[in-house]
Amino acid sequence: MTYEEAMEFIQNTNKFGSVLGLDNIKELLKRLENPQETLKVVHIAGTNGKGSILAYLASVFRESGYRAGRYVSPASFAYEERFRINEENISKENLCFYMEKLKEVSEEMVQDGLDHPTMFEIETALSFLYFADQKTDVVLLETGMGGRLDATNVVSRPICTVIGSIGYDHMQYLGTTLPEIAGEKAGILKEGCPVISYDNGEEVNAVIEAAAREKHCPIEFVNSAGIRVLSQNLERQSFAYRSSRGRFYEKIEIPLLGSHQIPNATTALEVLEIIKNYYCISEFQTEEGFRNTIWRGRLEKLSDHPLIFCDGAHNPDGAARLAEFLENNFTNRRIIYIIGVLADKEYEKMIETTAKFANRIYTVAPDNERALSSRELAFVVRKYHTDVQERSRLASCLEEVKKEAGEEDVIVIFGTLSFQKEL
């Protein structure tokens, strides 16, 4: 199978849509001899922050000399980015090898009267095969949109399960209230396996705690009261933290921006404490790992002159965190937005939350088949802002805005993770 054939195969599986449920992925993996059962897995669900938590962990493992497999979806810059070991993407040769194998097994399933696996099911199975063959020391596994019925939820004995920030997204599948959504995310908990949870507030925490109790899982929540911010600027931030188990971190420095990244980082610290019996990681390696974390497109500064940020905020919770960052840092600066969204997102709530911080807003259509048109988005934005300009694509719009921007102006690009590959 050539790379072009592999890409054609996986893109053709789009027609099978998104199917919540585990029967098909279990059958697929059974025919592949259940590679997931050979892996040490940290499994994480949540609305926002999943990727950041895994990025911190991956960086610490790398600094400590371990090989950490990381499966994330969607990819930002190249398809191969979905399957990474440390900071290296799967090779095209390996990708083709596994795609050919999965194509054969998928066709066998159809011949046997079963449903063809979906794109996400095939990619999930590929990640397990690849990481098992590469003998990774740990697999950092991110759910798709859910938890309980998510294809990644076939791992029977993770070394740790993690619940990140809970917010509103994919409500047509997961529920209309935060407790309902939390219940779906908590579906990744496994009998007796330890759980680390972001502090999502009393109502949501109670749902996660009840799920842990039902599964006899030891659980620790991030100790929000134990966080002390030491410094914050537009390059990096640092904090001290007393963990839920009483360990004191005098200074942890992170390059990811936004106040929300500190609770994400403390969640990762709590995970490292839980899994310390499996790995030898020093305090110095922990600090270096956090200091050198890379996670593109999350309040990423692209330029100083003019100041340009790209953020993957694509739901109301992410938009609120972006708004907080802008309010904390740029109240006296002229701010220009370039926004593009996918049609199946809660984009009006995002606009309602962020519009007041902008002086001018440009709308564009992301290069994605699910994109909302620039015109339709502008119609919504005009409900909340008077200075709205329609453009077609991000790249040409950004060049225009850069010429328009003054020395002190701030350009903010957000609305979808799809933007990153267009920059």
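So the values come out like this:
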| quantity | calculated |
| --- | --- |
| Inter-centroid distance (Cα atoms) of segment 290-312 relative to segment 142-204, Å | 28 |
| Accessible area of ASP112 in the full protein assembly, 1.4 Å probe (Å², nearest 10) | 100 |
| Hits among lysines - C-alpha to C-alpha of LYS403 under 21 Å, sequence gap 8 or more where chains match | LYS301 |
| Beta bridges by DSSP in the chain, antiparallel share as percent, to the nearest 5 | 40 |
| Structure-based [θ]222 nm, the chain - -39500 (n - 2.57) summed over DSSP H runs of at least 4, per residue, nearest 500 | -11500 deg cm²/dmol |
| Axial C-alpha extent at least 24 Å, average Kyte-Doolittle at least -1.0 - helices from the chain (DSSP) | 92-111 |
| Amide H partners (placed H, <5 Å) of PHE221, local residues excluded | SER197 |
| Carbon and sulfur %, accessible surface of segment 77-191 computed with the full protein complex present, 1.4 Å | 47 |
| Inter-centroid distance (Cα atoms) of segment 211-263 relative to segment 14-35, Å | 35 |
| Carbon plus sulfur fraction of accessible area for segment 272-404, probe 1.4 Å, in percent | 44 |
| Mean accessible surface per residue for segment 17-79, computed with a 1.4 Å probe while every protein chain stays in place, in Å² | 35 |
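The values are calculated or read from the model by the stated rules, or taken from the named source; none is laboratory data. Nothing here was measured: the structure is a model prediction, and the numbers come from that model. Calculation scope for accessible area: heavy atoms of the full protein, side chains included, ligands and nucleic acids excluded. Shrake-Rupley method; radii C 1.70, N 1.55, O 1.52, S 1.80 Å.
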